[in-house]
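Every number here is computed from the coordinates shown, using simple stated rules; none is lab data. In this text, all values refer to a predicted model and were calculated from it rather than measured experimentally. Neighbour counts are summed over all protein chains in view; Cβ atoms, including those assigned to glycine, are modelled from backbone coordinates with ideal geometry.
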Amino acid sequence: MRVAIYGAGSLGTILGAYITKGGAEIELINRNKAHIEALQTNGAKVVGTVEFTQKVVAYTPDQMSGKYDTIFLMTKQQHNTEVVTMLKEYLAEDGVLVTFQNGLPEPGIADIIGAERVLGCTVAWGATMCEPGVCELTSSPDALSFSLGAITPQRNKHFDKVKELLELMGTVDVEENFIGTRWSKLLINASFSGMSAVLGCTFGEAAGERNSRRIVQALIKECIDVCAAGGIRIEPVQGKDIVKLLDYKGAVKKAISFFIIPIAIRKHAKLKASMLQDIEKGKLTEVDAINGAVSDFGRKVGCPTPMNDKVVEIIHNIEQGKLTPSFDNLKLF
């Protein structure tokens with residue numbers, strides 16, 4: 001089976017290194033020529049909570065040719081229409097595109113290539129690119145897990161092979177309620193990634209400071225409430241029932257939830273949001289596909305989302321140069 005990771009940045013490089021190290025063949029594709037040249041010359045260097053260097057196959061999109069049975073999509077969502085339309089030409093007739101993107105990208109991708117050719121995967125670990133060819137794994141080695149699911153009742157013929165490839169890095173949970181799994185990851189991204197980008201800090205720092213944690217807690221609560229209003233059952237993350245742990249209706253449960261938040265995120269405390277990494281590089285973020293997706297769904301089901309609305313507003317102001325990521329932004333809430 002011919003497999004590629006398209007948009008092999010920090011997450012894709014580390015995943016590709018693990019898969020190659022495990023004995024499977026996979027091609028890493030990225031527009032960043034300096035990154036590709038470093039991978040071709042020195043291999044993929046993984047640092048952080050684990051350290052190893054792995055020789056990989058890597059090149060730029062203009063060097064792509066032939067057909068792929070499976071393409072792992074790891075680009076930002078802003079250009080999905082253009083990117084997926086292009087990748088359709090490289091996908092085998094019975095091939096599958098597996099999106100690792102944040103938010104709820106599957107419906108839009110299905111509109112382009114067909115629902116039966118789409119799989120969704122959420123990643124429960126984080127990474128940062130340090131320099132071309134060098135990526136830092138920022139999550140604990142025992143937290144390397146994936147949730148994999150189809151958006152049609154019948155799974156694509158490559159489903160089991162995709163699962164085997166991911167298992168070369170970590171555990172894979174096959175999700176029957178994949179929309180609930182998507183919302184589990186979206187909840188984490190909207191709360192911790194959102195505040196990481198707003199404040200210019202790691203997940204652990206956002207959870208550690210008490211005033212910041214209050215906002216994180218409110219963002220989590222909004223995600224839980226909109227799902228309840230929309231009839232969506234949020235799935236557990238790495239065996240932990242987020243709703244049972246963090247939802248509340250009274251003061252006592254709210255206090256317990258507040259206490260649990262930094263404990264719940266401790267394995268990912270060093271993680272810095274990809275939105276913050278984009279801001280630091282002068283790029284636009286995916287905030288509209290993350291906190292904006294929560295706000296959009298809230299409007300559909302009649303559930304207010306003032307905290308997510310505010311995160312979207314602040315990050316757009318940061319993108320426009322009107323604000324900078326800082327704990328001073330807490331006063332805007």
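Brief remarks follow.
- The stretch 3-176 - charge dipole about Cα centre, Lys and Arg +1 at Cβ, Asp and Glu -1, debye rounded to 20: 320
- Using only the C-alpha atoms, the convex hull of the chain corresponds to 123 Å³ per residue.
- HN-Hα J in Hz across the stretch 6-20 - Karplus 6.51, -1.76, 1.60, θ = phi - 60°, x for Gly and Pro: 9, x, 6, x, 5, 5, x, 5, 5, 4, x, 5, 5, 5, 5
- Listed from fewest to most Cβ neighbours within 10 Å, the set His268, His35, His79 follows the order His79, His268, His35.
- For the stretch 180-218 and the stretch 260-333, distance of Cα centres in Å: 8
- Total lysine pairs in the stretch 3-176 at Cα distances under 16 Å, for residues eight or more apart or on different chains: 4.
- Other-chain or far-sequence residues with amide H under 5 Å of Asp173's (modelled H): Phe146, Ser147, Leu148
- Arranged from fewest to most other beta-carbon atoms within 10 Å of their beta carbon, Val252, Val301, Val216, Val83 become Val252, Val301, Val83, Val216.
- Cα-based Rg of the stretch 101-214 normalised by 2.2 N^0.38 Å, two decimals: 1.21
- For Val57, Val312, the sequence from fewest to most other C-beta atoms within 10 Å is Val57, Val312.
- Cβ-Cβ distance of Val57 and Asp111, R₀ of 25 Å, FRET efficiency by 1/(1 + (r/R0)^6): the value works out to about 0.20.
- Note on the stretch 180-332: Rg/Rh from Cα positions, Kirkwood definition for Rh, rounded to two decimals, is 0.94.
- Under 19 Å from the Cα of Lys240 - lysines, other chains or at least 8 residues apart: Lys185, Lys221, Lys253, Lys254, Lys267
- Contact order normalised by residue count of the stretch 180-332, Cα under 8 Å, 6+ apart, percent: 34
- Remark: the stretch 24-77 projects, on average over all directions, an area of 5.0 nm² (convex hull of Cα atoms).
- Distance (nanometres) between label positions extended 7 Å along Cα→Cβ at Lys240 and Asn177: 1.9
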